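Novice: Take this structure, written in C-alpha cells, and hold onto it; I'll ask about it next.
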Amino acid sequence: MLGRTTVTQHLLLTQTEVSGATGTFTRLINELIVAAKLISREVNKAGLNDIIGYAGRENVQGEAVRKLDDFSNDAIIRRLQSSGVLCAMASEEVADVIEIPRNYPVGDYLLIFDPLDGSSNIDVNVSVGTIFSVLHRTTDSCDQGTLEDILQPGYKQVAAGYFVYGSSTIMVFCAGNGVHGFTLDPSIGEFLLSHENMKIPEWGNTFSINEGNYYYWSEDMRRYIDYLKDPKADHRGYTSRYVGSLVADFHRNLIHGGIFLYPADTKDPRKPHGKLRLMCEANPLAYIVEHAGGSASDGTQRIMNIIPEELHQRVPLIIGSKEEVRIVEEFIQGKR
Ligand code: AHG
Ligand code: MN
Ligand code: MN
C-alpha cells in the first residue's frame, strides 16, 4: 500500500510524456478529483443527510432532478470555474453552455459532464457515478468558449473518464496513454493506482439492457436479445446484469467483458433515439472503451464519429467488447 502510485504522481509522470504539456490538464483533473471526493462523501452519507429525494424541479431533459444531482452539479461547477483551465463547461443538468465567471481566468479546455449518473438509484443505495469528457477549444480566442467549441465529435476528445461511487469510490480515466483505474483510500483521501492499463476482453458473456422496453424496440433488437437467450444458438450462453446506472454497468463490462445497450425505442415520443446523451455519456465512455480495445456504436456508426447538432442530443448506445458489438451491428444491419 505504501508504494502505490497516487493519481497525482501518475498525472505528473504521464504529463512528462505529453509534448508541450503545461500542467493545466493536471490542474483540471485534480479539481475534478476534489469535486468527486465531495460527491463521494455526500453519497456515502445519503440517508443521514438531507441529500436524497427530489429537488422539486425538472431539468432540460424533462427529468425530475434529485438533490444529489444538484449538489454534484454545483460541486463540479464551483471547483472547475476557478481553475483557470476552462473556457466553458456543459452539464447534463444545465440547458445551455456554462460560462466562466468574469472574475476568473479563462483557459483552453472544455469540460462536458454528467454530474450524477444513475441518480434514480441513490435512494436505494445502488452505485452511482460521474462521467466527464475533455475537449480543446476550436475557436481562436482568449475569451469565453462557445457552443461551437463544445459541439465537437467524440474523436476530438483529449481525455475522458468517470467516477463510480460504489462499494469503493473508483476513478477510471484516459488521456490518450492507456486507461487507468484509481481507487480512493478514504483513510488518506488519496486515489491510488489500482487498475493499470485496463483492457476490455474481446468477448463477454454478460449483456446489460432494460428488458422492460422489449416491446418498444425494433424487430432487429428483439431478435438479437432473443438470440442471446436461445440455448440452441451458436454461442456459449449469456447472463444478464442491469444495475440501472450506466457507469456501474459499463465498469463491470470493462473489467469482465460484456455489452451494454440502450437502444432507440418507441416508449417516449420525445426520446426517439433512446435515453442516453451523446455529449456527456456516450462520447466519454466510447473514448474509454476504444482506448481499452472495445467498441461503441449507435448500431450503424461509431459513436465518436457522430457530428453533434444539439448539446443534449440523445443517441442509441451499444458499447463494450468489440466482438459483442460487432454481432449486434450484424443483427441491426440485417446480416444475421
Ligand atoms: P442519469 O441518472 O444521469 O439520468 O442517467 C441514468 C441513465 C443511465 O445511468 C442508466 O443506464 C439509464 O438511465 C437507466 O435508464 P432506465 O431506467 O430507463 O433503464
Ligand atoms: Mn447519466
Ligand atoms: Mn445524470
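Novice: Return the total of residues in the stretch 116-136 being at pLDDT below 95, outside any helix (DSSP H, G or I) and within 14 Å of the chain's Cα centre (by Cα).
Specialist: Qualifying residue count for the region: 0.
Novice: Please verify whether Leu311 is among the hydrophobic types (A, V, I, L, M, F, W, C), closer than 27 Å to Asp96 by Cα and within 11 Å of ligand 1 (Cβ to nearest atom), treating the condition exactly as stated.
Specialist: no
Novice: Which of the strands (runs of 3 or more DSSP E) found entirely inside the stretch 8-97 contain at least 1 residues meeting this: in contact with a Lys or Arg (Cβ under 8 Å, 6 or more places away or on another chain) and at pLDDT below 95?
Specialist: 54-58, 64-66
Novice: Another question about this same structure. Does the stretch 292-303 hold any residues that are surrounded by fewer than 21 Cβ atoms within 10 Å (Cβ to Cβ) and of a type outside the set (Gly, Ala, Ser), and which are they?
Specialist: Thr300, Gln301, Arg302
Here is a yes/no grid of residues against (1) away from ligand 3 (no atom under 16 Å from the Cβ); (2) touching a Lys or Arg at 6+ places or on another chain (Cβ under 6 Å); (3) over 30 Å from Phe25 (Cβ atoms):
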| residue | (1), (2), (3) |
| --- | --- |
| Gly129 | no, no, no |
| Cys142 | yes, no, no |
| Asp149 | yes, yes, no |
| Glu190 | yes, no, no |
| Ile225 | yes, no, yes |
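Novice: Could you tell me which residue of the stretch 238-282 is farthest from ligand 3 (Cβ to nearest atom), considering only residues that are open to solvent by less than 30 Å² (accessible area, probe 1.4 Å) and assigned to a loop (DSSP other than H, G, I, E, B)?
Specialist: Ranking the candidates gives Gly257 first.
Novice: Right, here's the next one. Any idea which of Gly84, Gly107 is open to solvent by 20 Å² or more (accessible area, probe 1.4 Å), away from ligand 1 (no atom under 11 Å from the Cβ) and over 23 Å from Leu68 (Cα atoms)?
Specialist: On the way: Gly107 fails: open to solvent by 20 Å² or more (accessible area, probe 1.4 Å).
Every option except Gly84 fails the conditions.
Novice: Continuing with the same structure: Just to be sure I understand the filter: pairs with C-beta atoms under 6 Å, separated by 6 or more residues or on different chains, first member in the stretch 125-136 and free of Cβ contacts under 8 Å to residues at least 40 places away in the same chain, second member within 14 Å of ligand 3 (Cβ to nearest atom). Which pairs pass?
Specialist: none
The values are calculated or read from the model by the stated rules, or taken from the named source; none is laboratory data. These numbers come from a predicted model, not from an experiment. A quick note on method: Cβ atoms are made from the backbone with ideal geometry, for glycine too, and the neighbour counts reach across all protein chains shown. Heavy atoms of the whole protein, side chains included, go into the accessibility calculation; ligands, DNA and RNA do not. Shrake-Rupley method; radii C 1.70, N 1.55, O 1.52, S 1.80 Å.
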